């Protein structure tokens, strides 16, 4: 099969590229390196069935031309940092909503009809139902990030109905593992490597969050696009557990062998629009035969090992 | 109060402008006349407290400058024709989603924080719950129009959470009445004035739809922004009835005194992405004390009288 991966130099995209290549597929990665990393493609680049295209999704003509006619598009490129929506409101609109439209429109014009999309459990806003199933009550959005992802979902669904597309929408919890390069474990590790004696934590530490290990995530994604054959296929992806930010801090400190003083910025939310509790009902995906192999604690430990071995990621931000 | 109305030369917007002026308010209308009509503002234009600005919502700087600092923004401008999404997919994205973002961003930069938005019952897609309440299960979109309106809703909600906005989202059924100038009554009347002996009907005629009379709609909108004071206020707006397309045809034919042969294009849906049944639960709005005064039949008759007296609307399309 020929796959086209937007954001394929990123955390999830590059792991997916490696897996598809290992399984004998042809892979084209389209990435503007805004947050993706050349180094994440070191393995892929040595495969003859791999192609890299440097490009931006907002450059529609270049996207359309570069895409050609793959069998399947994984649309993973995004502004993935939910926290900064209020600082740059237009960024989520452009990089998530408009970019998703461009991918769909390029597909339509190129005669490509199958797409998988990385959405987010944040589209449930401040749900009151936990674990939250895919068909929970119509949610109210709380962040520009989630609003832009919901807009992407709606576009995909409308292209499925209007143009005969087949769509796979994955509402992820936070993903952890090798090549993870932004988010709370990254930030905590970065702070502790600079000063192991103190740690500032956004919110009160009681936010309850869910995480999933990257390979478990990719197991699910690949299984879903193989087994689920509805017009629109929507899946929550997470583990059957959640933890408090304080739990993850204790695991991180134990793994690093440090005992800093912890300062809380206070409040139920880490930032404006943060959802204090994310816990998804993943029964729909489990019904296909999938189950995650790693606990949240194990995926945090694996992430820390990766970060310890890849300190260059922190130097990029200096 | 100072009101700013986008799309204020349109069907709903111009009726709203007249009402707000009659109630003693200052009104600025911003409209590009793409579907709005100069004539619809004949009454408003004679009021000293009325200002018209010709402009496009995609011209962000002009919008921001023209908006100034009103107390309240009614964002009614839109590509309102759900049927043609598959012909011009980018139009809904630009005129509904991006335009809504521009309105919100201009408000934020100008220090304006209250907005009402014309959304649509189509965001419920093919709901299986009737009448459909605002908090029904998370819907799947079926048209680019509805997807672009849902995206607008999400943006408003995110601005409410992120920037302290107060938002009013109205999910309308189809609105009828004076200055109605697109939709099925318009099309049927247009066909019958050209040839009273035959009438082509999209679908099988059994599509079940809901309608609301424009003044009932505006009663609700004005009451809601006065009485509802949540951060995000979402209201369905419709009557407690629905009718088949065939019912409305019979009312139209009786009112016009014609008996054409009726041809059905067939199928459950009038067009790709059409929802064969729209019927909204409006109890939330009724709980504020509102009730519609006109039945669907009465609003169709009033619409026909308006169209008969305003044949110039059809000449515009020649």
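Summary table
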{"item": "Test: residue B:74 is within 11 Å of another protein chain (Cβ to nearest Cβ) and farther than 22 Å from residue A:106 by Cα", "result": "no"}
{"item": "Residues of segment B:26-40 classified as over 14 Å from residue B:77 (Cβ atoms) and either surrounded by 24 or more Cβ atoms within 10 Å (Cβ to Cβ) or modelled with pLDDT under 95 (or both), total", "result": "1"}
{"item": "Odd one out for residue B:158, checked against (1) touching a strand residue (DSSP E or B) at 6+ places or on another chain (Cβ under 9 Å); (2) at pLDDT 95 or above; (3) not in a loop (DSSP other than H, G, I, E, B)", "result": "(1)"}
{"item": "Residue B:213 within 21 Å of residue B:121 (Cβ to Cβ) and surrounded by 16 or more Cβ atoms within 10 Å (Cβ to Cβ)", "result": "yes"}
{"item": "Among the residues listed as B:200, B:161, the single one being crowded, with 24+ Cβ neighbours inside 10 Å and either outside the structural domain of residue B:72 (by TED's automatic domain parsing) or under 30 Å from residue A:124 (Cβ atoms) (or both)", "result": "B:161"}
{"item": "Verdict on residue A:153 being in contact (Cβ under 8 Å) with a residue 12 or more places away in the chain, in the same structural domain as residue A:74 (by TED's automatic domain parsing), in a helix (DSSP H, G or I) and over 19 Å from the mean Cα position of the chain (by Cα)", "result": "no"}
{"item": "Output for segment A:278-290, where each listed residue is over 18 Å from the mean Cα position of the chain (by Cα) and either in contact (Cβ under 8 Å) with a residue 60 or more places away in the chain or assigned to a helix (DSSP H, G or I) (or both)", "result": "A:283, A:284, A:286, A:288, A:289, A:290"}
{"item": "Meets criteria (buried (at least 20 other Cβ atoms within 10 Å of the Cβ), within 10 Å of chain B (Cβ to nearest Cβ) and farther than 18 Å from residue B:125 by Cβ) for residue A:146", "result": "yes"}
{"item": "Residues located in segment B:291-307, provided they are assigned to a helix (DSSP H, G or I) and without any contact (Cβ under 8 Å) to a residue 60 or more places away in the chain", "result": "B:297, B:301, B:305"}
{"item": "All positions within segment A:114-133 that are within 11 Å of another protein chain (Cβ to nearest Cβ), touching a strand residue (DSSP E or B) at 6+ places or on another chain (Cβ under 9 Å) and buried (at least 19 other Cβ atoms within 10 Å of the Cβ)", "result": "A:122, A:123, A:124, A:127, A:132"}
{"item": "Residues of segment A:164-176 classified as in contact with a strand residue (DSSP E or B) (Cβ under 6 Å, 6 or more places away or on another chain) and either surrounded by fewer than 20 Cβ atoms within 10 Å (Cβ to Cβ) or farther than 19 Å from residue A:208 by Cα (or both), total", "result": "5"}
{"item": "Selected residue (only one of A:188, A:172 is more than 14 Å from chain B (Cβ to nearest Cβ), closer than 27 Å to residue A:314 by Cβ and touching a helix residue (DSSP H, G or I) at 6+ places or on another chain (Cβ under 6 Å))", "result": "A:188"}
{"item": "In segment A:83-113, residue farthest from the other protein chains (Cβ to nearest Cβ) [restricted to those that are part of a loop (DSSP other than H, G, I, E, B) and out of contact with any helix residue (DSSP H, G or I) (no Cβ under 8 Å at 6 or more places or on another chain)]", "result": "A:111"}
{"item": "Odd one out for residue B:290, checked against (1) loosely packed, with under 14 Cβ neighbours inside 10 Å; (2) touching a helix residue (DSSP H, G or I) at 6+ places or on another chain (Cβ under 6 Å)", "result": "(1)"}
{"item": "Selection from segment B:223-259 of residues that are within 14 Å of another protein chain (Cβ to nearest Cβ) and at pLDDT below 95", "result": "none"}
{"item": "The one condition in (1) surrounded by 15 or more Cβ atoms within 10 Å (Cβ to Cβ); (2) within 28 Å of residue B:42 (Cβ to Cβ); (3) more than 19 Å from the chain's Cα centre (by Cα); (4) in the same structural domain as residue B:73 (by TED's automatic domain parsing) that residue B:225 fails to fulfil", "result": "(3)"}
{"item": "Residue within segment B:278-287 that is more than 30 Å from residue B:71 (Cβ to Cβ) and at pLDDT below 95 present", "result": "yes"}
{"item": "Total residues in segment A:51-82, condition part of a helix (DSSP H, G or I), in contact with a helix residue (DSSP H, G or I) (Cβ under 6 Å, 6 or more places away or on another chain) and either outside the structural domain of residue A:29 (by TED's automatic domain parsing) or farther than 24 Å from residue A:171 by Cβ (or both)", "result": "4"}
{"item": "Residue ID - farthest from the other protein chains (Cβ to nearest Cβ), chosen from residues in segment A:260-277 that are assigned to a strand (DSSP E or B) and surrounded by 15 or more Cβ atoms within 10 Å (Cβ to Cβ)", "result": "A:264"}
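The values are calculated or read from the model by the stated rules, or taken from the named source; none is laboratory data. Quick caveat, the model's predicted, so the values are computed rather than measured. Counting neighbours? That spans all protein chains shown, and the Cβs are built from the backbone with ideal geometry, glycine included.
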